[in-house]
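First the structure, in the form of structure tokens, and then the observations on it.
The values are calculated or read from the model by the stated rules, or taken from the named source; none is laboratory data. Note that this is a predicted model, so its numbers are computed, not measured. Here the Cβ is made from the backbone with ideal geometry for all residues, glycine too, and neighbour counts use every protein chain on show.
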Amino acid sequence: MKLIAGVDEVGLGPLAGPVMAGVVILDSAYPIDGLADSKLLTAKRREALCEIIQNNCIAWAIGRAEVEEIDQINILQASLLAMQRAINALKVKPDHIQVDGKFCPKVRYSIEAIIDGDNLIPAISAASIVAKVIRDREMVAYDKIYPQYGFAEHKGYGTKQHLLALKKFGITLIHRRSFAPVRSLI
């Protein structure tokens, strides 16, 4: 049996926080019902599926690129770096990797990009869910440090509430300075 790893990133669009990538190798002996693109699931359903995935897959890992890296190399390159780090963190080496989207990170494995893969490929859906849950948890933790910004609600995305908080309270250490709404306040 070939070991196929699915990879997806989360956090391309937010104005704050890291970009993260998940990688999952599913176990065909333990099929998981309900896998889908993480954006199509409720937070409660994602949390439940994340636990099921982590407990029943062959391997999973998370990679990340920090705000400073995003600002230095741009969000696309940072997302590819996060994917590369996730793949390199796997404890089990895959035979092939399938990545959601149009671009693949540079790794030493057989790899392919699949547009809409998070809806089509269960391992990519699983990676999307794990990465989203872990990133969301981190943004909720940041909400305790910076309660006036509402990170627990919007997870760093440029909502009206977030933009108003930026104007009122300024930029934090977790804001992406290269993103226009933040850059305009510097």
Return yes or no: is Lys168 more than 16 Å from Ala65 (Cα to Cα) and among the basic types (Lys, Arg)? yes
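Being in a loop (DSSP other than H, G, I, E, B) and at pLDDT 95 or above is the filter here; which residues of the range 1-10 pass it?
Across the range 1-10, the qualifying residue is only Leu3.
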Looking at Ile87, Ile53, which one is closer than 18 Å to Arg137 by Cβ, modelled with pLDDT of 95 or more and assigned to a helix (DSSP H, G or I)? Ile53
Cβ contacts < 6 Å: first residue closer than 16 Å to Pro147 by Cβ, restricted to the range 157-185; second residue exposed (fewer than 12 other Cβ atoms within 10 Å of the Cβ), any location; separation 6+ or different chain. Result? Ala165/Gln148; Phe169/Gln148
Considering the range 25-60, residues that are polar (S, T, N, Q) and in contact with a strand residue (DSSP E or B) (Cβ under 8 Å, 6 or more places away or on another chain), and then whichever is surrounded by the most Cβ atoms within 10 Å (Cβ to Cβ), we arrive at Ser38
When (1) in a loop (DSSP other than H, G, I, E, B); (2) over 13 Å from the mean Cα position of the chain (by Cα); (3) of a type outside the set (Lys, Arg); (4) farther than 22 Å from Ile87 by Cβ are applied to Gly13, the one that fails is (2)
Output for Cβ contacts, cut-off 7 Å, separation at least six or different chains, first residue farther than 14 Å from Phe103 by Cα in the range 1-20, second among the hydrophobic types (A, V, I, L, M, F, W, C) and part of a loop (DSSP other than H, G, I, E, B), reads Leu3/Ile58; Leu3/Val92; Ala5/Leu90; Leu15/Phe179; Ala16/Ile174; Gly17/Ile174; Val19/Leu12
Quickly run through the range 16-38 and pick out the residues that are over 28 Å from His162 (Cβ atoms) and either in a strand (DSSP E or B) or among the acidic types (Asp, Glu) (or both). Val23, Val24, Ile25, Asp27, Asp33
Looking at the range 1-14 only, could you name the residues that are surrounded by fewer than 24 Cβ atoms within 10 Å (Cβ to Cβ) and in contact with a Phe, Trp or Tyr (Cβ under 7 Å, 6 or more places away or on another chain)? Gly13
Output for Cβ contacts, cut-off 8 Å, separation at least six or different chains, first residue of a type in the set (Lys, Arg) in the range 47-70, second at pLDDT 95 or above, reads Arg64/Pro18; Arg64/Val19; Arg64/Met20; Arg64/Ala21; Arg64/Ala82; Arg64/Arg85
